[in-house]
Amino acid sequence: MKAFNNTLIVLLISFIGGAIYFASKGHIGPEQEAENHWGNEIETKSYILQGSSAQRLNKVVTQVGGDVSREFPIINAVSAMLTPSQAEKIRALGSVTVQDDRTVMTMNNSILNKGQTKKLLKEFVINNDIVEQSNAKSLHEMGIKGRGITVAVIDSSANLGGAIGRFLFRDSASRPRIPVKYDAMRGRKNFRWNDDKNGHGTHVAGIIGSSIIDRKGTHNGIAPDVTILPVKAFDQNGESSYSKVLDALNWVFENRYRYKIRVVNMSLGADAVSHYWQDPINQAVMRLWDAGVVVVVSAGNNGKEMGITVPGNNPYALTVGAASDNDTPLDYTDDRIASFSAKGPTIEGFIKPEVVAYGTGIETKMDERFLVKLLRKSLWGENYSVVSGTSQAAALVSGIAALVLSENPYLSADDVKCRIISSAQLAHDGEMMTYSPFAQGAGMVDAYKAVMSDATGCANNGLDIHQDLLGTQHFAGPARVDDDGEFYIDLGNGKVFVEGTHWGNESMGLQGTHWGNETMGLQASHWGNEAMNLQGTHWGNEVMGLQGTHWGNETMGLQGTHWGNEVMGLLGTHWGNEIMGLQGTHWGNETMDLQSTDLNPEPVDPNIEVVVDESSWVD
């Protein structure tokens, strides 16, 4: 039987992509929006522009004959409809960053209903296992259910009406808990009970906070008393764009005090085409993190090494990969990392994901009357839909973050992350790690241990979010690649953590292994003016092959050293002015033009009461 032991593995890694994917090309999305706006006579599309102020950006766009669509004060940016020639004129000014407003699509695994081949008597409420697997049930029995914490869910909204939706609208004591929705598709608040035609957002919200309870007293949601704030950024087909997600993040930032928003769930992702600090969504995420909001994101569903997407490549946020229980929910001996779960490192060398959580075959009760396409149905539960993805794993961890904050409301975002990763458990077979840190991060999350932890100061060490936001300094992680293109981790002082035999092929399940107690502290490596590239270029002075050794208690070291369970910090030099080209391109040196007075705002007051007016809601 696999044992769950305490672990302190502090991996400074980067932030997520997920089951929603930002495509660099697409036939539907901002381009279609442009066509609808201008007609077919002029070739226009949507762009994201960033400069010194919205007033100046509006003037620049007007001067070239374009049209500003929306403003995003959170990162001093706007979206605008421009022709390619108009965009080039603005680029030529040299002081405005112009980027494509890329399309976003959902990418859940096994989401389409393939029909039922087995006839069973289904129950209205079932135990969907995640509350027991994550050890959140022990907290529920103590009365810790997330009350007083608001989680904003940036997704396709959530359906709240009817006999099924009421378990999202009401908490475990039947109190109404959702004050409002925000529709980033239209740029306004709404109070519609059922406006999620896609179902992804409803499924994710159910994992975070469904208050439904089975006959044995187990809730379906990780934090059944949390306040859920649905933010609609995806349409009925699961499609969106950078501008809509930015609008969602901007609204959350501006309304965090009013609605006491402490956690944001982002089960979405984009291809990384720049450094983390240059991406607009990452910049908005960093503003929220600086404001004390914990941002939880999915790692991505591509299953690839270096597959972590935006905003998962953000070193500050909490990135989550997916694990499978192999259809034996409470038998942990055959658990494994899901084959679709994206792996690190990021292009800057951060180890991602930071943790893993169960994300395969997750069942949530949903009202399919409101969905455009049916989801895969559960064999056991009436109106339960089964979805797999790092989206679902991220939602589970967002629920844990809410539980941590409900018991410790004055914690910083860094320390919430610290308690979740330091209480996670690595997968190992008693002596060796079964998966590399690039696949499992710090290991499997444990809600009870995270809430009971008193750890502080163990996350995002070596980073400086204010310097990142001001553009004065940027950071790199400890991952390296040798001349043969193999990864290793530079622990500092000549110490190296090297690859295990079963790296990345996912051919080995976790049979007979433990979620164990190996520890590894990895603070952010600072880099100077040297360029860094993970595409086969050697970064350091030592070449280290990663074959033939296991991740274990004692690993191969350089200069006669090795390491076991000690915690190690990594310090060094910062990124200088030289910009690394990513696949031949970069986005330049422009910053958000923030001032130091814009940073480190007052945290959300945990004593604020969020008022819910049930009479405001309409069909």
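The values are calculated or read from the model by the stated rules, or taken from the named source; none is laboratory data. All values reported here derive from a predicted model rather than from experimental measurement. Positions of Cβ are backbone-derived with ideal geometry, glycine not excepted, and every protein chain shown enters the neighbour counts. To get the accessible areas, we keep the full protein, side chains included, count just its heavy atoms, and leave off ligands, DNA and RNA. Shrake-Rupley method; radii C 1.70, N 1.55, O 1.52, S 1.80 Å.
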Subject >> Asp593/Ser85 FRET efficiency (R0 22 Å; Cβ-Cβ; nearest 0.05) >> reply: 0.25
**OP:** Mind giving me the FRET efficiency for Lys216 and Asp271? R0 is 41 Å, r the Cβ-Cβ distance, nearest 0.05 is fine.
**Re:** 0.40
Subject >> In region 343-384, the trypsin sites (Lys or Arg not before Pro) that fall in loop regions by DSSP, at most 16 other Cβ within 10 Å >> reply: Lys373
Original post:
Once you put a point 7 Å from the Cα of Asp331 and another 7 Å from the Cα of Lys304, both along the Cβ direction, what distance in nm separates them?
Top reply: 3.6 nm
**OP:** In whole angstrom, note down how far apart the Cα centers of region 240-318 and region 126-189 are.
**Re:** 20 Å
Original post:
What percentage of the solvent-accessible surface of region 275-347, computed with a 1.4 Å probe over protein heavy atoms, is contributed by carbon and sulfur atoms?
Top reply: 45 percent
**OP:** Enumerate the residues in region 222-261 having an amide nitrogen under 18 Å from the point lying 7 Å beyond the Cα of Asp67 toward its Cβ.
**Re:** 243-244
**OP:** Give the shape of region 294-347 as rounded, prolate or oblate, defined through the alpha-carbon gyration tensor: a ≥ b ≥ c are the square roots of its eigenvalues, a/c under 1.5 means rounded, and otherwise the shape is prolate if a/b is larger than b/c and oblate if not.
**Re:** prolate
**OP:** Can you bin region 210-298 into rounded, prolate or oblate? Criterion: square roots of the alpha carbon gyration tensor eigenvalues sorted a ≥ b ≥ c, rounded for a/c under 1.5, prolate for a/b above b/c, oblate for the rest.
**Re:** prolate
Original post:
Contour minus end-to-end for Glu609 and Leu121, with contour as 0.36 nm per residue of separation and end-to-end as the Cα-Cα distance?
Top reply: 171.4 nm
**OP:** Taking H placed 1.01 Å from N in the peptide plane, check which residues at least 5 places from Leu379 or on another chain put their amide H under 5 Å from its amide H.
**Re:** none
Original post:
Taking a ≥ b ≥ c as the square roots of the eigenvalues of the Cα gyration tensor of region 193-240, is the shape rounded (a/c under 1.5), prolate (a/b larger than b/c) or oblate?
Top reply: prolate
